[in-house]
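We did not get these values from a lab; they are worked out from the coordinates using the rules stated. A quick note: this is a predicted structure, and the numbers were derived from the prediction, not measured. Here Cβ is always computed from backbone atoms with ideal geometry, including for glycine, and neighbour counts include all displayed protein chains.
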Amino acid sequence: MKKINKINISLTIILFCFGIVYGQNEGSEFLIHNIIQKKTDSIYDSLVNIRRHFHEYPELSAQELKTSKFIEKYLSSLGLEVKTNIGGYGVIGILKSGNSGKRIAWRTDIDALKTNFEEIVDYKSKTEGVRHICGHDVHTTIGLGMANVLASLKANLNGTVYFIFQPAEEINKGAKSMINDGLFDIISPDEIYSLHVNPMPVGAVSAKANEVYAYVKVIKITFKNQDTSTDKIQFAKDILLKQMNIESDSKFWNYQNLGDPEIGLSNRQSIYQNYLIVDQNFKIEENESEISLEAYLTGTSKTKLDSLLQKVKSQIIDSDFKNQLVSVGFTNEYQTVKNDPILTEKSLAIISRIYGEQSVSPIYGVVPNFNDDFSNYQKKIPGVYFFLGASNFQKGFIAMPHSPNFAVDEECIKTGVKYFSSMVVERLNSR
C-alpha cells in the first residue's frame, strides 16, 4: 500500500511539474501513456511469474477457489474495493478515481480445461488432467496487470474501472451466473471490454464490428421408426452435408491457419468468411416409435442458418420419406459475441494513435467452432471483445486455443497491459 501511495504522489507531482494534469492539454495524453508503458515494463517480470503460477495450478470451471483467492489478495493489495463469490468464484475489483467520468468494465475469464495434452513449456501443470491451454492464465494476468497500472494512476484518472474476474467460461455458465447473482446491482458500467489470445503474431490486437465468432445452431430431424430407418438417417445426413460450402481438404479445417497472414483472419481474402459447415459427429437417438438425427451447424450468416430449416424440410417432403417425417427443428442456439460498431472503431483508433498503426491488425473473417459467454454482458451493455496476438512462429509458439501444442509468447502480457490500460484511460475521459 505504501509503495502504491508513493507512486500516486510522485505521478501527480510529475504531471503538475509539467503543467499538464491529465486532460488539460494535448501533451498530457502522451505523458500519461508513457507512464503506463514504464509502469508495465517495471512489473512485467512479476506478471510473468504470476502467469506461470496460474499455469502450474489450473482449476476447472466452477472450481476456481485458489485462483479467486489469489486474485482477491492481489487486488486488495492495490487498494481496490473487492467483492468475492459472485456467481460462484467470481471476483470484482472496483477502482474509484474520485473524479467524475465514465464507468468502464474489463472482464477476464479465469478457468482452465480438462485435458491431458502434453505441454511444451517447463512450467507444466501440477494438477493432473487440467491445463491452461486456452490462455485464461494469460487473460487473468493481464487483468491484474491493468489493475496494478491503473491503480498507480488513480489520482490522475476520471471515473471508475470495474475489473470482473469471471469463473466457468469454458462451460458457458460463468457470465450468466455472475449476472444472476447480482453483478449489475454491484456495478453499473457504461461500457465493457474483454480479450482472448489468438494465434496471430504477438504485438498486435484485433477486433471487428458485429460478429467475431460464428453462429451455432443444433438441428434435429425426427422420423417415424419404421423399416429403412438407416436409409432415412443417411438421407438426412446427405441433405445436411450438401449445405456445406467448405471442401474436406481445405486449409480451413486447420484452425492454426486463423493466424496465417495469407489466408487467415487478417487477410481481406480470408478463407474464414461466408462459410457454412456441419459437424459430422452426428447424434442418433432411437426408440420404438421414432428415430432422430442431431447435428451442429456453424455459419457466418444467421439468416442462412435460419433458412436452412425450411430447405431441409422441403427436401424431405419431396422425397420418398415424406410420410415418415415427424419434425425438423432447432433444439439449441448459441449466442455469439457481437461487438458494438462505434466502440470498436473508437477503441481501436485509440490503440493505433498511441502505439502506432502496426499495433492494430484488421480482421475480416469470423472464427469457427469457438465462442465466448462474454455475449451475455453485451446483451446488457455495449462492449468490445478483442483478439490479442500471442504467437511467435520463430520460437515455435502457436497460441491456438484448445490445441495440443498451445503456447504463448509471454510478451503478449506486456502488450495487453499497455494497450488496454491506455484504451481504458482514454475511454474514462471520453464524452
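How far, in degrees from 0 to 90, does helix 302-317 lean away from the longest principal axis of the Cα atoms of the chain, to the nearest 10?
It is inclined by approximately 10 degrees.
Using alpha carbons only, how many degrees (0 to 90, rounded to 10) separate the axis of helix 2-17 from the longest principal axis of the chain?
70
Apply the Karplus curve 6.51 cos²θ - 1.76 cosθ + 1.60, θ = phi - 60°, to the phi angles in the range 374-387 and return the couplings in whole Hz, x for Gly and Pro.
Whole-Hz 3J(HN,Hα) from phi for the range 374-387: 4, 4, 5, 6, 5, 5, 10, 9, x, x, 9, 10, 9, 9.
Whose amide H sits under 5 Å from the amide H of Leu276, counting only residues 5 or more places off or on another chain, with H placed in the peptide plane?
Asn245, Ile246
Defining a contact as two alpha carbons under 8 Å apart and six or more residues distant in sequence, what relative contact order in percent does the range 46-196 show? Intermediate results must be reported in sequence, preceding the final value.
Details: 302 pairs, mean separation 54.1, N = 151.
Once divided by the residue count of the range 46-196, the mean separation gives 36 percent.
DSSP loop (so not H, G, I, E, B), at most 12 other Cβ within 10 Å: list which GluC sites (Glu not before Pro) in the range 66-165 pass both filters.
Numbers: sites: Glu72, Glu81, Glu118, Glu119, Glu128; in loops: Glu118, Glu119, Glu128.
Of the GluC sites (Glu not before Pro), the ones in loops of the range 66-165 whose Cβ has at most 12 other Cβ atoms within 10 Å are Glu118, Glu128.
List the aspartates and glutamates whose Cα lies under 19 Å from the Cα of Lys251, skipping any in the same chain that are fewer than 8 positions away.
Partners within reach: Asp260, Glu262, Asp279.
Please work out which option in (i) 23.9, 88; (ii) 36.6, 125; (iii) 22.3, 69 gives Rg and Dmax of the Cα atoms in Å calculated from these coordinates, and answer with its label.
(i)
What is the range 215-334 by shape, rounded, prolate or oblate, if you read a ≥ b ≥ c off the alpha carbon gyration tensor as root eigenvalues and call it rounded for a/c under 1.5, prolate for a/b larger than b/c, and oblate otherwise?
Details: a/c = 2.64, a/b = 2.39, b/c = 1.10.
Cα axes put the range 215-334 in the prolate bin.
Give me the lysines in straight-line cross-link reach of Lys414: C-alpha distance below 16 Å, same-chain residues under 8 apart excluded.
Hits, sequence-local ones excluded: Lys38, Lys39.
Go through the range 405-422 residue by residue and turn each phi into a ³J(HN,Hα) via Karplus (6.51, -1.76, 1.60, θ = phi - 60°); whole Hz please, and just put x for glycine and proline.
For the range 405-422, the Karplus-derived couplings read 9, 4, 7, 10, 7, 5, 4, 5, 5, 4, 4, x, 5, 5, 4, 7, 5, 5 Hz, x marking Gly and Pro.
Report the per residue volume, in Å³, of the convex hull enclosing the C-alpha atoms of the range 346-431. If you can, show how the numbers build up before the last one.
Numbers: hull volume 11.1 nm³, N = 86.
Taking the convex hull of the Cα positions in the range 346-431, it is 129 Å³ per residue.
When only C-alpha pairs under 8 Å and at least 6 residues apart count, what is the relative contact order of the chain, in percent?
Working: 894 pairs, mean separation 97.6, N = 431.
Value for the chain: 23 percent.
Once the convex hull of the alpha carbons of the range 139-272 is built, what does its volume come to per residue, in cubic angstrom?
Values: hull volume 26.3 nm³, N = 134.
Measuring per residue, one finds 196 Å³ for the Cα hull of the range 139-272.
For Tyr57, Tyr255, Tyr377, what's the fewest-to-most ordering of other Cβ within 10 Å of each Cβ? Show your work: numbers first, answer last.
On the way: Tyr57 17, Tyr255 20, Tyr377 26.
With the fewest neighbours first, Tyr57, Tyr255, Tyr377 line up as Tyr57, Tyr255, Tyr377.
Sequence gap at least 6, Cα distance under 8 Å: using those rules, report the relative contact order of the range 264-365 to the nearest whole percent.
Values: 82 pairs, mean separation 34.1, N = 102.
Result for the range 264-365 is 33 percent.
What ranking do Lys418, Lys395 get, fewest neighbouring Cβ atoms within 10 angstrom at the top? Please report the intermediate quantities before stating the final value.
Values: Lys418 26, Lys395 10.
The order, fewest Cβ neighbours first, is Lys395, Lys418.
Amide H to amide H under 5 Å from Gly88: which residues, 5+ apart in sequence or cross-chain, H placed 1.01 Å off N in plane?
Residues meeting the criterion, in which the H sits 1.01 Å from N, do not exist here.
With the crude spin-label approximation of a point 7 Å out along Cα→Cβ, what separation in nm comes out for Gln310 versus Glu285?
It is 2.7 nm.
If you count, for each residue, the other Cβ atoms within 10 Å and average over each peptide, how do 355-364, 290-299, 149-158 line up from highest to lowest? Mind dumping the intermediate values first?
On the way: 355-364: 15.6, 290-299: 20.2, 149-158: 22.2.
So the peptides 355-364, 290-299, 149-158, ranked by packing, come out 149-158, 290-299, 355-364.
From the cross-link list Lys102/Lys346; Lys66/Lys173; Lys154/Lys176, which pairs have alpha carbons spaced over 21 Å apart?
Numbers: Lys102/Lys346 15 Å; Lys66/Lys173 19 Å; Lys154/Lys176 30 Å.
Distance filter (> 21 Å) returns Lys154/Lys176.
Arrange the following residues from fewest to most other Cβ atoms within 10 Å of their Cβ: Arg103, Arg268.
Details: Arg103 18, Arg268 8.
Fewest-to-most ranking of Arg103, Arg268: Arg268, Arg103.
Just to confirm the number: angle between the C-alpha axis of helix 136-152 and the first principal axis of the chain, 0 to 90 degrees, nearest 10?
30
Please compare each pair in Lys302/Lys395; Lys114/Lys283; Lys83/Lys395; Lys302/Lys379 to a cut-off of 28 Å on the Cα-Cα distance and tell me which ones are over it.
Details: Lys302/Lys395 39 Å; Lys114/Lys283 23 Å; Lys83/Lys395 40 Å; Lys302/Lys379 17 Å.
Checking Cα-Cα distances, Lys302/Lys395; Lys83/Lys395 exceed 28 Å.
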